Amino acid sequence: MAVFQQIVSLGPNCRAKFHIRKIFGERISRRGVFDWQVTPVPAVAEYIRRDFNGLFERDDLHVVDGVVFNKRFGTSHMHEFPKDIAENTLDALYAKAREGHDIWCAVSRMALNNDLSTLFVLARPVSAGDMAEISGLIEKARPGRRFLLLAAPEGDHDDHWSGDHEVWKAHLSSFQIRWPLSAILAEQMRRLRKNVRYLRPRSMRA
C-alpha cells in the first residue's frame with residue numbers, strides 16, 4: 001500500500017474531493033480552490049502556473065442562466081454565489097466571493113508548496129499531455145517533493161455528479177494517508193483559532 005502524507009484534489013470538479021472525504025474522512029483534506037468549482041484542465045494548469053493569482057477578477061466574470069462563469073479561464077462558480085444570481089447583483093456579491101476564493105487559493109498554494117509527500121487526484125479523465133504538464137508544474141512548485149498525480153478511475157460514469165462510488169473506492173483503496181505530527185498540530189491550532197474567533201463577540205472579530 002502506498003503511503004502519502006497528504007491528499008489533494010485538483011478538480012476539475014468536486015467529485016474527487018467528495019470521495020477523498022468519504023474514504024479517508026472529513027478532516028483529511030481542507031477545502032481548496034478546485035474542490036467546489038468547475039475548472040477546465042487548462043485552467044487547473046494556469047492556477048498552478050500563476051501561483052493561484054489573478055484567476056478570479058471581477059472583469060472576467062459574468063452570469064449565464066444563474067451561474068457565474070469566468071469568460072477568460074472557463075471556470076464556473078455555482079457554490080460561491082447564491083443560486084439564480086443575476087448580472088445586476090454580481091457587483092454587490094463579488095467582494096465576499098473573492099474573499100472566499102482567495103482563502104481557498106491560499107490552502108491550495110500551501111498544499112502545492114509544502115514538503116509533504118502528496119497524492120494529487122483528478123476527478124475526470126485527462127490526456128497524457130495534460131498529465132505531463134500538470135506533473136511538471138507540481139514538480140516545479142516544490143522540486144524534489146515525492147508525489148503522485150492520480151488520474152480518474154476507469155469505468156466511472158456520469159449518471160450522477162458523484163460518479164460510481166464502488167469504482168472510486170477501489171481506485172483509492174491502495175493508498176493510505178498519514179499526516180506527520182507537525183501537520184496534525186498545525187491543523188489543531190488552525191481549528192482552535194477558528195473556534196476562538198467564532199466564540200468572540202462579533203464586534204471583536206478581525
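The values are calculated or read from the model by the stated rules, or taken from the named source; none is laboratory data. In this text the structure is predicted, and so the values were computed from the model without any measurement. As a convention, Cβ positions derive from the backbone with ideal geometry for all residues, glycine included, and neighbour counts pool all protein chains shown. Keep in mind that these areas ignore ligands, DNA and RNA; they rest on the heavy atoms of the full protein, side chains included. Shrake-Rupley method; radii C 1.70, N 1.55, O 1.52, S 1.80 Å.
Can you tell me how much longer the chain between Ala132 and Val64 gets when fully stretched, taken as 0.36 nm per residue apart minus their C-alpha distance, in nm with one decimal?
Stretched fully, the Ala132-Val64 segment lengthens by 21.2 nm.
What accessible area per residue, rounded to a whole number of Å², is obtained for the chain using a probe radius of 1.4 Å?
55
Over the chain, what per residue volume does the convex hull of the Cα atoms give, in whole Å³?
140
Suppose a student asked you for the relative contact order of the chain, using Cα pairs under 8 Å spaced at least 6 residues apart; what percent would you report?
28
Rounded to the nearest 5, what % of DSSP beta bridges with both residues in the chain are antiparallel?
In the chain, DSSP labels about 40 percent of beta bridges as antiparallel.
If the cut-off is 16 Å between C-alpha atoms, which lysines fall inside it for Lys169, apart from same-chain ones fewer than 8 positions away?
Counting by Cα, and skipping residues close in sequence, Lys169 has these lysines nearby: Lys17, Lys22.
In nm, to one decimal, how far is the Asp84 label point from the Arg30 one, both placed 7 Å along Cα→Cβ?
The two pseudo-label positions are separated by 3.6 nm.
Beta carbons within 10 angstrom, averaged per residue: use that to sort the peptides 141-148, 165-172, highest first.
165-172, 141-148
Output the relative contact order of region 80-191, whole-number percent, from Cα pairs under 8 angstrom with separation of 6+ residues.
21
With a 1.4 Å probe and all protein chains left in place, how much of the accessible area of the chain comes from carbon and sulfur atoms, in whole percent?
55
Of all the C-alpha pairs in region 37-84, what % are more than 12 Å from each other?
The share of Cα pairs beyond 12 Å in region 37-84 comes to 60 percent.
Can you give the helix-only mean residue ellipticity at 222 nm for the chain, where every DSSP H stretch with n ≥ 4 adds -39500 (n - 2.57) and the sum goes over all residues, rounded to the nearest 500 deg cm²/dmol?
Only helices count here, giving -13500 deg cm²/dmol.
Please compute the modelled spin-label separation between Asp158 and Ala170, points set 7 Å along Cα→Cβ, answer in nm with one decimal.
It is 2.2 nm.
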